[in-house]
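Below is one structure, written out as structure tokens, with a few remarks after it.
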Number of protein chains: 2
Amino acid sequence: MKKLINDPEQVVVEQLEGMALAYPDLIKVHYEPNFVYRADAPVDGKVAVISGGGSGHEPMHGGLVGVGMLDAACPGAVFTSPTPDQMLEAAKATDSGAGVLYIVKNYTGDVMNFEMAADMARAEGIDVLNILIDDDVAVKDSLYTAGRRGVGTTVLAEKIVGAAAERGYDLEALADLCRRVNINGRSMGMALTPCTVPTAGEPTFELEEDEMEIGIGIHGEPGRKRIELEPVDEITEMLATSIIEDEAYTRTVREWDMEKEEWVEIELVDPPFEEGDKVLAFVNSMGGTPDIELPIVYRKLHEICEAHGLEIVRNLMGRYITSLEMEGVSITLLKMDDEMIELWDEPVKTSGLRWKM
Amino acid sequence: MKKLINDPEQVVVEQLEGMALAYPDLIKVHYEPNFVYRADAPVDGKVAVISGGGSGHEPMHGGLVGVGMLDAACPGAVFTSPTPDQMLEAAKATDSGAGVLYIVKNYTGDVMNFEMAADMARAEGIDVLNILIDDDVAVKDSLYTAGRRGVGTTVLAEKIVGAAAERGYDLEALADLCRRVNINGRSMGMALTPCTVPTAGEPTFELEEDEMEIGIGIHGEPGRKRIELEPVDEITEMLATSIIEDEAYTRTVREWDMEKEEWVEIELVDPPFEEGDKVLAFVNSMGGTPDIELPIVYRKLHEICEAHGLEIVRNLMGRYITSLEMEGVSITLLKMDDEMIELWDEPVKTSGLRWKM
């Protein structure tokens, strides 16, 4: 295993120490339990937007904490869910009295722990709502998930909802917006190479020199198919077509009902893309893929969107939700409305995403 | 070779096409000869700041074109110098009459071609000055260089000089500033893994599973030593100490003398770092190194700078000058004065670096 680390067990903590030293104007770090939070938290009158998940997906989530995006992020060990006490303490450190929105990627451990944390926070008098992100069209159920996995749309939701929180949206309005982003976002990824979890020391899976995995998850979970390497235009076509032609997707998710004061099951339907839709096109490196290759993906994606009558009104290209050093790419398309576009354009200042500040 | 590409011969052009589609508000692309330039070029009354070099180091330079940074970038084939006609046409497309500054990394081909381009542009009535970046303390001469190689300081120079150009500095003042940034910046890098040039199809060099190369160049040129893998704190110590303890470095460089109207040899001396210096600390991924590892480098670098009495007043961490998918890291320390700090903080809007816009 070749990594720029000291002790495999200390990777997450030493990374947090480095982040705290590099970005004291943006973030503070709390240890035991570990979480990253805004340097100016809690922000008066503002709902706190919090996310978290296993480490190894940097800059998501710790690198997305700052003005206009997350108030806090809870990093688990690499590819391991964070614990409820991290999420609870992050809520307590950032709640201004206006409540907390937990943005939760759909992995069994994350979902369960964020629900427990929400219950614990409510017991301490903090209003909390949890919104699930489940946007990966590749597989229905997977190694760590019931239903679709939460991937690229998470980054977009954190930006859009973070901007809305900054503008003063209340907790229920933010939850509505976040749910709307989720149902309008779809993603799919692929890998050329595996990655190695530091404490494991071995690659999470093996791929032959002429093989790739289509529909891979962000922890190296198997996807749709393992096939022979093809030109990037073919790969982009496979991913984009799976996303664009995905039909209405119906499932029930658990959300907290603030009136009934209980968890309820609600049915959500992702509307399919339609000609004339305005979309944000997000081309994301899985981590190890060099920057020179991403525009080649974007080039083909642009052509495919055009052919389907989708207008790309915003885009994002780079490393935002990664799988350590895995080489590969994921594509996310998010159907945008005017409100979402406006919020996307709002200022943001985090170590991983920054403009207008 | 596993890459997200179509045809190895078309990588650079298809990347440029993707960049043009993704960032029409920032850049335009000219083909045959290839260069990327500001969407609003030429900018009235402003000196055009132009750089270039082999492709494969993205986002440098094409991703650093935009307001507050470069006016144009000339990409060669991967790891191959661009040609004088690219540089000449980039100058003609961006010169507003205020002249052109070529920022040139010290590689024999780049230096020669930028000098030819400058002569050709002057023959067409454009004022041009060339400033060399030669900041790599690892080796004196190398495979592609006489003297020190140009690496990380290039990115910092492009930001600082770009901001000054935006403010209206004239050509000679910009050249003086760029030279000052160069002599005050020092870098050194290392690699855990090699990278593969698409048209070669094979890694540029081989490293055993327990080996690393200290002092590597950005094209995989050999460095100071090939040794057994060590913890990142030791690696950071090797790089940082080589930089901080580097003595005054004296060499002659060729620059154009605007009064004499001829190329002259001038002697430059890099002053060594001293206790009390304010520095910008730049931790740069060679491309494939995951984001989780960079703050661990920064953490140790911060400690080492403190121990040497260097105050880190600004920092930059991420992928800015890369070697395709190579895993590894480089460190740059730039001694900052108040003017440089102020210019660093100025707004910038490029696809690779963006804030306040």
- Message: For a quick check: with amide H placed at 1.01 Å from N, whose amide H comes under 5 Å from residue B:312's, ignoring anything fewer than 5 positions away on the same chain?
- Response: B:279
- When the accessible area of each residue in the range B:40-84 is compared between its chain alone and the complete protein assembly (1.4 Å probe; ligands, DNA and RNA ignored), which residues differ by at least 40 Å², being lower in the assembly? B:58
- Task: Give me the percent of the accessible area of the range B:272-343 that comes from carbon and sulfur atoms, probe 1.4 Å, all protein chains in place.
- Result: 37
- Task: Could you let me know the centre-to-centre spacing of the range A:163-211 and the range B:297-357, using Cα atoms, in angstrom?
- Result: 28
- Carbon plus sulfur fraction of accessible area for the range B:92-244, probe 1.4 Å, in percent: 48
- Message: Quick check: net charge around residue A:293, other residues with Cβ under 10 Å of its Cβ, Lys/Arg +1 and Asp/Glu -1?
- Response: -4
- Item | Antiparallel DSSP beta bridges within chain B, as percent of all bridges there, nearest 5 | 60
- Message: Interface size between chain A and chain B, please: total buried accessible area, 1.4 Å probe, rounded to the nearest 100 Å².
- Response: 4900
- Message: For the range A:47-163, what does the relative contact order come out to in percent, with C-alpha contacts under 8 Å and a separation of six or more?
- Response: 27
- Query: Based on Cβ point charges of +1 for Lys and Arg and -1 for Asp and Glu, what charge dipole magnitude is obtained for the protein assembly as shown about its Cα centre, in debye rounded to the nearest 20?
  - Reply: 660
- Cut-off 18 Å, label 7 Å out along Cα→Cβ of residue A:39, residues of the range A:1-30 by amide N: A:16-30
- Message: Give the lysines whose C-alpha is closer than 20 Å to that of residue A:105, dropping any in the same chain fewer than 8 places away, or say none.
- Response: A:140, A:159, A:335
- Candidate lysines - alpha carbon under 19 Å from residue A:3, same-chain residues fewer than 8 apart omitted: B:225, B:300
- Note on the structure: In this structure, the FRET efficiency calculated for residue B:119 and residue A:357 from their beta-carbon separation, with R0 = 51 Å, to the nearest 0.05, is 0.75
- Note on the structure: Listed by chain and number, the residues whose amide H is under 5 Å from that of residue B:325, excluding neighbours fewer than 5 places away on the same chain and using placed H, are B:196
- Query: If you take every DSSP beta bridge whose two residues both sit in the range B:258-356, what share of them, in percent to the nearest 5, is antiparallel?
  - Reply: 55
- What net charge do the residues around residue B:196 carry, taking every other residue with its C-beta under 9 Å from that of residue B:196, with Lys and Arg at +1 and Asp and Glu at -1? 0
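Provide the gained length on full extension for the span residue A:227 to residue A:108, in nm with one decimal, where the gain is 0.36 nm per separating residue minus the Cα-Cα distance.
The residue A:227-residue A:108 span can extend by a further 40.0 nm.
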- ³J(HN,Hα), Karplus 6.51/-1.76/1.60, whole Hz, each residue of the range A:272-287, x for Gly, Pro: x, 5, 9, 3, x, 5, 8, 10, 9, 9, 10, 10, 10, 6, 6, x
- Note on the structure: For the range A:101-118, in residue order, the Karplus 3J(HN,Hα) values (coefficients 6.51, -1.76, 1.60; θ = phi - 60°; whole Hz; Gly and Pro = x) are 9, 8, 9, 10, 6, 6, 10, 3, x, 4, 4, 4, 5, 5, 5, 4, 4, 5
- Note on the structure: Each residue of B:1-12 has, on average, a number of other protein chain C-beta atoms within 10 Å of its C-beta equal to 6
- Counting alpha carbon pairs within less than 8 Å and at least 6 residues apart, what relative contact order, in whole percent, applies to chain A? 18
- Counting partner chain Cβ atoms within 10 Å of every residue's Cβ in A:298-304, what's the average? 5
- Task: Hey, can you find the accessible area per residue of the protein assembly as shown for me, probe 1.4 Å, expressed in square angstrom?
- Result: 33
- Count the DSSP beta bridges whose two residues both fall in the protein assembly as shown, then state the antiparallel fraction as a percent rounded to the nearest 5. 60
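Computed FRET efficiency, Cβ-Cβ of residue A:199 and residue A:170, R0 30 Å: what is it to the nearest 0.05?
E between residue A:199 and residue A:170, to the nearest 0.05, is 0.15.
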- Message: I need the phi-derived Karplus couplings for the range A:47-59: 6.51 cos²θ - 1.76 cosθ + 1.60, θ = phi - 60°, integer Hz, Gly and Pro marked x.
- Response: 5, 8, 9, 10, 9, x, x, x, 6, x, 10, 3, x
- Amide H partners (placed H, <5 Å) of residue A:67, local residues excluded: A:349
- Note on the structure: So residue A:210 and residue A:234, fully extended at 0.36 nm per residue minus their Cα-Cα distance, gain in nm 7.1 nm
- Hey, got a sec? Which GluC sites (Glu not before Pro) in the range B:214-270 land in a DSSP loop and have at most 15 other Cβ atoms within 10 Å? B:245, B:247, B:259, B:261
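The values are calculated or read from the model by the stated rules, or taken from the named source; none is laboratory data. None of these values were measured; they are calculated from a predicted model. As a convention, Cβ positions derive from the backbone with ideal geometry for all residues, glycine included, and neighbour counts pool all protein chains shown. Keep in mind that these areas ignore ligands, DNA and RNA; they rest on the heavy atoms of the full protein, side chains included. Shrake-Rupley method; radii C 1.70, N 1.55, O 1.52, S 1.80 Å.
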